[in-house]
Amino acid sequence: MDIQFDKYQGLGNDFIMIDNRDQADPRLTPSQAARLCDRHFGIGADGVIFVLPGQDSTDYTMRIFNSDGSEPEMCGNGIRCFAKYIAQLDGTSAPHTYKIHTLAGMISPELRPDGQVCVDMGEPRLVAAEIPTTLATADQPAIAMPLEVNGDTYSVTTVSMGNPHCITFVDQVADFPLEAIGAMFECHAAFPKKINAEFVEVVRSDYIKMRVWERGAGITLACGTGACASVVAGVLNGRCDRQTTVELPGGPLEIEWSEATNRIYMTGPAERSFQGQCSVA
């Protein structure tokens, strides 16, 4: 079958966007999506995102398959791309706010006149059962807990943004051997549903640098939920302000963890790269 698609990226985290508003289930299987994500034999992307009809009084539903065919609950860069894409489909101009149904719950992205997208990411989840992780008892948070990986012990903090994150603070993030050790964090036995692993260097209390190994995608240029989780971990460990710039390899995100509402707000760009048509077997 032939598929019409648009390619979007948010800080280099790139996605194949498919208009799926005519049916409630994704029109591609996970294995088909994985083939499209292949950068040598497909279009190339970190994931495929489908625009589905809304549920429970939301405007639309977002589903995403990672480049390995797995399905995450949410994607922060992805939902900014999603908001720009549905504005393109609808012919909507900024300012405008959408209500989007995701596997992590309802998420509200706001299109801003300056081209940025501000997303209300909801409240972080901290207790071990909600990550999930075995690093702490089920009803307790895992903050600065020891984790042994490949013979070394790291101090890690876990946060769920609807999807699971493990944050490790390091001295020099550029020098951290992410390529060698990222998959060991992702598949560690302490994380029954695997994990997104973020490695963070605190430059100032309001400015941090982050690299990420994403569950199901490996090293990517940016991770929006990971940036949110890293700021939460920074606040919990007394390292970050509640309003912090997170510098990713693909560029910066502005993150605020509101003390008044306990909600997290992520602001950053999303842009269309190109559109096209391809055949999917």
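The values are calculated or read from the model by the stated rules, or taken from the named source; none is laboratory data. Quick caveat, the model's predicted, so the values are computed rather than measured. We place every Cβ from the backbone using ideal geometry, glycine too, and count neighbours over all the protein chains shown.
See the values below:
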read-out: Residue match in region 21-35 (condition: of a type in the set (Gly, Ala, Ser) and either surrounded by 22 or more Cβ atoms within 10 Å (Cβ to Cβ) or under 21 Å from THR267 (Cβ atoms) (or both)); value: yes
read-out: Complete set of residues in region 71-93 that are within 13 Å of CYS118 (Cα to Cα) and under 9 Å from the mean Cα position of the chain (by Cα); value: GLY76, ASN77, GLY78, ILE79
read-out: Check on GLY91, over 16 Å from GLY216 (Cβ atoms), out of contact with any strand residue (DSSP E or B) (no Cβ under 9 Å at 6 or more places or on another chain) and modelled with pLDDT of 95 or more; value: yes
read-out: Residues of region 4-47 satisfying the condition of being of a type in the set (Gly, Ala, Ser) and under 17 Å from GLY78 (Cα atoms); value: GLY10, GLY12, ALA33, ALA34, GLY44, ALA45, GLY47
read-out: Condition met for VAL231 (buried (at least 23 other Cβ atoms within 10 Å of the Cβ) and touching a helix residue (DSSP H, G or I) at 6+ places or on another chain (Cβ under 8 Å)); value: no
read-out: Complete set of residues in region 70-114 that are among the small types (Gly, Ala, Ser), over 19 Å from GLN9 (Cα atoms), surrounded by fewer than 20 Cβ atoms within 10 Å (Cβ to Cβ) and touching a residue at least 24 places away in the same chain (Cβ under 8 Å); value: SER70, GLY105
read-out: In region 138-165, the residues that are outside any loop (DSSP other than H, G, I, E, B) and over 20 Å from the mean Cα position of the chain (by Cα); value: PRO141, MET145, PRO146, LEU147, GLU148, VAL149, ASP152, THR153, TYR154, SER155
read-out: Residue match in region 119-130 (condition: among the small types (Gly, Ala, Ser), more than 23 Å from MET74 (Cα to Cα) and surrounded by 15 or more Cβ atoms within 10 Å (Cβ to Cβ)); value: no
